[in-house]
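Scroll down for the structure; my scribbles are underneath it.
Here, each number is a calculation from the coordinates, and none is a lab measurement. Note that the coordinates shown come from a computational prediction; the quantities given were computed from them, not determined experimentally. With ideal geometry, Cβ positions are generated from the backbone for all residues, glycine too; neighbour counts draw on all protein chains shown.
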Amino acid sequence: MLNWSSLSYLSTELITLFCTFAATMENAIARITELLLYDAAKPMLFNTGLFLVLFVIFLSLYQCVKGHRRLKMVLTVAFSLFFYYKSSSWCVALLCCVCVSDYLLGLWLDKAVNRAVRRTIVALNVLLNVGMLVYFKYFNLLADAFYSIIGRTFDPLEVLLPAGISFFTFRSISYIVDIYRGDIKACRNFLDYTFFLTFFPPLLAGPVVRAKDMLPQIKANPTATPAMISEGLFLIMTGLIKKVVIADYISGNFVDRIFDNPALYTGFENLMGAIGFTIQLYCDFSGYSDMAIGLALLLGYRFKENFAAPFKAQSPTEFWRRWHISLSTWLRDYLYIPLGGNRHGRARAYFNQFITMVIGGLWHGASWMYVLWGAYHGLLLVLHKAFRRVWRLPEGVAGRFDIRIANMALTFALVVIGFTFFRAPDFETVRAMASQIVNDFHIAVAPQFIEGYMMIVLAIAMGYIAHMTPRSWSTGVSKAYIAMPLLWQALLLAATVFIVIQTRQSELVPFIYLQY
């Protein structure tokens, strides 16, 4: 029989248990709330554990509602907006405003007949998008230049740069321009257009997906086939390996040190630093593209290829047909051709090509180093085209293996020089690196360098050799993975995730192109 003391003890234990449970729940809720709220120091990216967990939950819900088109689209838009919120906080409202603006302008443009009105609509869209870019990306740069001219000091404003703003503004402009040109009709369904512009895989760092490629897929309401899912998983794995195992490792353990203080290192080490950054940038950016394309495949949507082995290029012109294809073709279609392309003589064509590359360099960010990088590539393209007009190798000679290898080596060297401008914080850093390479090369340190930086050398070599293998090899590996039983695919995926976790840096390394 329970006495009063026993009841009192039991009540005390129950109250203690309840308080402990309540405190645990409160801590759990606080932790979950913290994870779901925006944190500038911990943005949610493809290579984070939080994204993996939330994406698996989202994908499970997506599969449950895939037979209900509207519900599936609302779910995807909601996840996309949350994904963008976790990377750019309140700027998600800006993205929503662009959706509304594009949708209304598109409908207006589709109905307008008067040419002046149609041009005004296009100009308004371009003005809104370029205006956003100028304020968020270039205001401090332009204001600083203006204040320098008038001899005053400018204190830069603290402006939060919306992640991926260059990418979704390019998609916005191409949508309106394509309606103006008659390439597409305006999207009548606001949910369809919002899905297109906010779709999370390419939202932060591309590829630059165009409405004429994406909207028909959205309208068709596709379902991912088993082959698409396997292909998507394979691309996600290769993207993770490129980003975490190669790019992040090279960056944190070698490249950053060289560019931070090139005078501390020999010319040979500076050269390896420049080559290392070129491989790092390729693996980082193409790794993001692979993951974006792979994630889209898991949901039933297919994007065009964004990189086609650019270091196999035998000329600067060919390099830009292989590197960041979605951007280079966008610049061609919406900037170079409207400027006149090659329709007004050779000199004008050269100028149009040069200025297109300068603007393409400035697109990357508010730094004169990007402008120099763009001008450098513009000059390379002009010189290459001019050189081809006055001298061509005979057909039999041009196709020789040794000539092709020499062309690839020369093009790669020119690209490495260009990316030194791209990575360096200022021209003084480039000058210091060049000085070390020319005046203090010390090839004798190569054996010690290889011994001391063995893992760095292996990572750079792995990134380059994998890139240079025949396309049929990578295609064959992809097909072999797709043909595997589901259990083996899952085991290989788990092994890849394990390797990524073991090699990742202690601190999150954002994708390089998130700042653009």
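Structural descriptor for the chain: relative contact order 18 percent, calculated from alpha carbon pairs under 8 angstrom and at least 6 residues apart.
Starting from the Cα-Cα distance between L264 and V159, subtract it from 0.36 nm times their residue separation and give me the gain in nm to one decimal.
Working: separation 105, 0.36 × 105 = 37.80 nm, distance 3.42 nm.
Difference between extended and current length: 34.4 nm.
Say a paramagnetic label sat at a point 7 Å from the Cα of R70, along Cα to Cβ; which residues of the range 170-205 have their backbone N under 14 Å from it? It comes to 189-192, nothing else.
Could you tell me the relative contact order of the range 321-427? Use alpha-carbon pairs under 8 Å, at least six residues apart, and round to a whole percent.
On the way: 75 pairs, mean separation 22.5, N = 107.
In percent, rounded to a whole number, it is 21.
Within the range 66-140, the chymotrypsin sites (Phe, Trp or Tyr not before Pro) that combine a DSSP coil assignment with at most 14 other C-beta atoms in a 10 angstrom radius are W90. Dividing the summed helix terms, -39500 (n - 2.57) for each DSSP H run of n ≥ 4, by the number of residues in the chain produces a 222 nm estimate of -23000 deg cm²/dmol to the nearest 500. Sparsely packed loop sites in the range 82-188 (the trypsin sites (Lys or Arg not before Pro) outside DSSP H, G, I, E and B with at most 10 other Cβ atoms within 10 Å) comprise R152.
Work out which GluC sites (Glu not before Pro) in the chain are exposed loop sites (DSSP not H, G, I, E or B, at most 13 other Cβ within 10 Å) and give the longest gap free of them. Display every interim value, and only then the final one.
On the way: sites that count: E158, E305, E507.
Segment 306-506 is the longest.
Which trypsin sites (Lys or Arg not before Pro) does the range 282-352 hold that lie in a coil by DSSP with at most 16 other beta carbons within 10 Å? Intermediate values should be presented prior to the final figure.
On the way: sites: R302, K304, K312, R321, R322, R332, R343, R346, R348; in loops: R302, K304, R343.
Loop-located and lightly packed - R302, K304, R343.
Please report how far the C-alpha centroid of the range 229-294 lies from that of the range 427-450, rounded to the nearest whole angstrom. Rounded to whole Å, the Cα centres lie 21 Å apart.
The angle between the Cα long axis of helix 346-363 and the longest principal axis of the Cα atoms of the chain comes to about 30 degrees, rounded to the nearest 10.
Estimated at 0.36 nm per residue, the fully extended path between T503 and F401 surpasses their Cα-Cα distance by 33.0 nm. Helix 115-133 and the longest principal axis of the Cα set of the chain meet at an angle near 70°. If I fit a long axis through the Cα atoms of helix 165-181 and take the longest principal axis of the Cα atoms of the chain, what angle between them do I get, 0 to 90°, rounded to 10? Between helix and principal axis, roughly 70 degrees.
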